[in-house]
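Peer 1: Here it is: the structure, laid out below.
The values are calculated or read from the model by the stated rules, or taken from the named source; none is laboratory data. Worth saying up front: this structure is predicted, and the values here are computed from it rather than measured. Because the Cβ atoms are built from the backbone with ideal geometry, glycine has one as well, and the counts that use them run over all protein chains shown. When the accessible area is computed, the model is the full protein with side chains, heavy atoms only, and any ligands, DNA or RNA have been set aside. Shrake-Rupley method; radii C 1.70, N 1.55, O 1.52, S 1.80 Å.
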Amino acid sequence: MTATYETLLVEREGPIGIISFNRPKALNALNAMMLRELTLALRELGEGADAVRAIILTGSGEKAFVAGADIAEMAPMGAWAGREFSQLGHIATALMEALPCAMIAAINGFALGGGLEMALACDLIYCSENARLGQPEVNLGVVPGFGGSQRLPRLLGKMRAKELLFTGDMIDAKKAHEIGLVLDVLPKDQLLAHCKNVAQKIATKGPLAIARVKQLVEHGADVPLRDANHQECDTFGLLFDTDDRREGMRAFVEKRPATFTRK
Ligand code: CAA
């Protein structure tokens, strides 16, 4: 049983959690309540002894993943309220990168502004053929507020990112795949099943290894290569003292699947 949320649907299927942004009438636009609930839902699913191994983010309804931050809610904000709103998005996205499980974005329609920024904080991004992606904040006279100005250039390179950030253009799924913004494009009715398959595969692997390799990639991106390689060495060594490492190698020798216990 998961808690009840006003702006999200949260489900658990064995080792997989699914969070659906659930304001379909407003194309799942992110308001402050949704951002707060997202942080709670991520913690509910992704932390503790019975944490899931992967969380899929997707959107309710036929049209959108998330069409951005809620413009109606933002319209009357002043500088301080705007900053606080941005901070809520940064808290949720930082948590996605810090959680030990895999985060998978299943973009099933519009992923614009804050919506694309939610996906950019995920470990893996897949989209459906009808997806439309972009950072249209400049149309509204603002910049991205949930990390898009930083995560997009890190993913695509500065020039591609600036093209999207300067023009506010919406690109289709084919183009998003071409420029490396999404891993694969799926027919709409196969997107979630594909993401669940990927999540199931990850769930069979060593949980401590997944948590640590995610941490290595995330931390490694911000430190010099020599320091990052030291971190890898330390982590590699540390994992040798775990039951999961012993089980993983024993299972290989005994030619059977490993049973990991997160110890
Ligand atoms: N905020 C609030 N409401 C939104 C919304 C948003 N970001 N996007 C869509 N909606 C609402 C519309 O106002 C409309 O509501 P009503 O039925 O009450 O009028 C409903 O969702 C359906 O939208 P449309 O009628 O506009 O649907 P469409 O198919 O004609 O167009 C769209 C779809 C192109 C996505 C268009 O809705 C649109 O341009 N939305 C805004 C996209 C945008 O600018 N996003 C960035 C927001 S800023 C941001 O995200 C900042 C940040 O980084 C934190």
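Peer 1: For every helix of n ≥ 4 consecutive DSSP H residues, a contribution of -39,500 (n - 2.57) applies; sum these over the chain, divide by its total residues, and give [θ] at 222 nm rounded to the nearest 500 deg cm²/dmol.
Peer 2: Only helices count here, giving -14500 deg cm²/dmol.
Peer 1: Also, I was wondering about something else. Can you list the lysines whose alpha carbon is less than 20 Å from that of LYS175, not counting same-chain residues fewer than 8 positions off?
Peer 2: Within reach: LYS63, LYS158, LYS162, LYS188.
Peer 1: Does the stretch 180-263 come out rounded, prolate or oblate by the C-alpha gyration tensor, with a ≥ b ≥ c the root eigenvalues, rounded set by a/c under 1.5 and, if not, prolate when a/b is larger than b/c and oblate if not?
Peer 2: oblate
Peer 1: List the aspartates and glutamates whose Cα sits under 16 Å from the Cα of LYS201, skipping any in the same chain fewer than 8 residues away.
Peer 2: Straight-distance partners of LYS201: GLU13, ASP123.
Peer 1: What does the C-alpha gyration tensor say about the overall shape of the stretch 8-203? Classify as rounded when a/c is under 1.5, otherwise prolate if a/b is larger than b/c, or oblate.
Peer 2: oblate
Peer 1: Additional query: Would you give the gap between the C-alpha center of the stretch 224-249 and the C-alpha center of the stretch 67-102, rounded to a whole Å?
Peer 2: Comparing the Cα centres of the stretch 224-249 and the stretch 67-102, I get a distance of 34 Å.
Peer 1: Taking the Cα centre of the chain as origin, sum charge times position over the Cβ atoms of Lys and Arg (+1) and Asp and Glu (-1), and report the length of that vector in debye to the nearest 20.
Peer 2: It works out to roughly 500 debye.
Peer 1: Stick to the Cα atoms of the stretch 1-46, pair each with every other, and give me the Kirkwood hydrodynamic radius in Å at one decimal.
Peer 2: Its Kirkwood hydrodynamic radius stands at 10.8 Å.
Peer 1: Let me ask you something else. Antiparallel as a % of all DSSP beta bridges within the chain, to the nearest 5?
Peer 2: Roughly 25 percent of the beta bridges in the chain run antiparallel, per DSSP.
Peer 1: Compute a Gaussian network model of the chain, connecting alpha carbons closer than 10 Å, and tell me which residue from MET96, MET77, MET118 fluctuates the most.
Peer 2: Fluctuation is largest for MET77.
Peer 1: Nearest 10 degrees is fine. How inclined is helix 158-167 to the longest principal axis of the chain, computing both from alpha carbons?
Peer 2: Long axis of 158-167 versus the principal axis of the chain: about 30 degrees.
Peer 1: Now for a separate question. Within the stretch 214-263, list the GluC sites (Glu not before Pro) lying in a DSSP loop whose Cβ has at most 15 other Cβ atoms in a 10 Å radius.
Peer 2: GLU254
Peer 1: Only loop residues by DSSP count here, and only those with at most 16 other Cβ atoms within 10 Å; note down the GluC sites (Glu not before Pro) in the stretch 114-203 that meet that.
Peer 2: Sites meeting the loop and neighbour criteria: GLU129.
Peer 1: Carbon and sulfur together cover what percent of the accessible area of the chain at a 1.4 Å probe radius?
Peer 2: 58 percent
Peer 1: With the other protein chains left in place, how much accessible area per residue, in square angstrom, belongs to the chain at a 1.4 angstrom probe?
Peer 2: Value for the chain: 52 Å² per residue.
Peer 1: Let me ask something else. As an exercise, identify the GluC sites (Glu not before Pro) in the stretch 16-95 lying in DSSP coil whose Cβ has no more than 13 other Cβ atoms within 10 Å.
Peer 2: Qualifying residues, ordered by number: GLU62.
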